[in-house]
Amino acid sequence: MTAPTERADAARNRLRILDAARRLLASDSSADLSLDTVAKEAGVGVGTVYRRFHSRAGLVYALIDDNETRFQDTFARHCEDRAPSAHERLRTFLHGLAQLVDANAGLLLLAESSVPAGRYHSAPYRRHHGQIAGMVAEFAPDVDTAYLADLILMAFTPGLFAFQRTERGWDLERIKRGLDTLIAGIGAEGKAGAQQPW
């Protein structure tokens, strides 16, 4: 049995609401995205927004999921076009993730403040964790891939990332170089571990 398809008007309203939320964030990155404000910007009733997203956190995570889909599509196309090694795939993935977090800083900070631990239970976090652990396992199979995936993803914690970009004044290239150093260290540890006579 197939899942019911979304009604055309409901799908249109969803897009209008998400586009309105993006416009509000683009005009003011600190916008609080109250559902009343988003409904007014989208030209729909506030009840429509509540029925669809239930809360501000629900709306924020829907926006994050939409951006995540685009990120994953771009990454998949890169891998199909070039068939890179696991090391290069991980590097590309983390660089792309840094750009995604930077471009969506306001949105991610809103999500973090709405549901402080919500990030760790979100679909994007679980997906990223599995992808990173899988790529690490390919070029460093003897390391604790699950732990390292969590450790790597800590670099993308919205509050920390925003602090590095604004308070420390670091540009994206510096962050990417730091991620490259981390990947190189994991690869070196994987090679050393493989040579240990456990």
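The values are calculated or read from the model by the stated rules, or taken from the named source; none is laboratory data. What you are looking at is a predicted structure, and each value in this text was computed from that prediction instead of being measured. Neighbour counts run over all protein chains shown; Cβ positions are idealised from the backbone, glycine included.
Suppose the filter is among the hydrophobic types (A, V, I, L, M, F, W, C) and at pLDDT below 90; does LEU33 pass it? Against the criterion (among the hydrophobic types (A, V, I, L, M, F, W, C) and at pLDDT below 90), LEU33 qualifies.
When ASP102, ASP73 are checked against the criterion of being surrounded by fewer than 19 Cβ atoms within 10 Å (Cβ to Cβ), assigned by TED's automatic domain parsing to the domain that holds LEU148 and in contact (Cβ under 8 Å) with a residue 24 or more places away in the chain, a single residue qualifies: ASP102. Somewhere in the range 99-108, is a residue farther than 18 Å from ALA26 by Cβ and not in a loop (DSSP other than H, G, I, E, B)? Looking through the range 99-108, none of the residues is farther than 18 Å from ALA26 by Cβ and not in a loop (DSSP other than H, G, I, E, B). So, in the range 60-83, how many residues would count as being within 18 Å of HIS129 (Cβ to Cβ) and among the hydroxyl-bearing types (Ser, Thr, Tyr)? Counting residues in the range 60-83 that are within 18 Å of HIS129 (Cβ to Cβ) and among the hydroxyl-bearing types (Ser, Thr, Tyr) gives 2.
Which of the residues belonging to the range 126-141 are surrounded by fewer than 17 Cβ atoms within 10 Å (Cβ to Cβ) and not in a loop (DSSP other than H, G, I, E, B)?
ARG126, ARG127, GLY130, GLY134, GLU138
Suppose we filter the range 38-70 for residues that are farther than 22 Å from ASP28 by Cβ, of a type in the set (D, E, K, R), free of Cβ contacts under 8 Å to residues at least 40 places away in the same chain and surrounded by 16 or more Cβ atoms within 10 Å (Cβ to Cβ); how many remain? Selection size over the range 38-70: 0. Looking across the range 157-182, the residues that are closer than 14 Å to HIS95 by Cα and out of contact with any Leu (no Cβ under 6 Å at 6 or more places or on another chain) come down to PHE161, ASP171, LEU172, GLU173, ARG174, ILE175, LYS176, ARG177, GLY178, ASP180, THR181, LEU182. Among the residues of the range 74-93, are any out of contact with any helix residue (DSSP H, G or I) (no Cβ under 7 Å at 6 or more places or on another chain) and among the β-branched types (Val, Ile, Thr)? Scanning the range 74-93 turns up no residue that is out of contact with any helix residue (DSSP H, G or I) (no Cβ under 7 Å at 6 or more places or on another chain) and among the β-branched types (Val, Ile, Thr). Taken over the range 105-124, the residue count meeting the criterion of being surrounded by fewer than 17 Cβ atoms within 10 Å (Cβ to Cβ), of a type outside the set (A, V, I, L, M) and more than 13 Å from the chain's Cα centre (by Cα) is 2. Going residue by residue through the range 164-172, is there one that turns out to be assigned by TED's automatic domain parsing to the domain that holds VAL101, farther than 17 Å from GLN99 by Cα, hydroxyl-bearing (Ser, Thr, Tyr) and not in a loop (DSSP other than H, G, I, E, B)? No, because not a single residue in the range 164-172 is assigned by TED's automatic domain parsing to the domain that holds VAL101, farther than 17 Å from GLN99 by Cα, hydroxyl-bearing (Ser, Thr, Tyr) and not in a loop (DSSP other than H, G, I, E, B).
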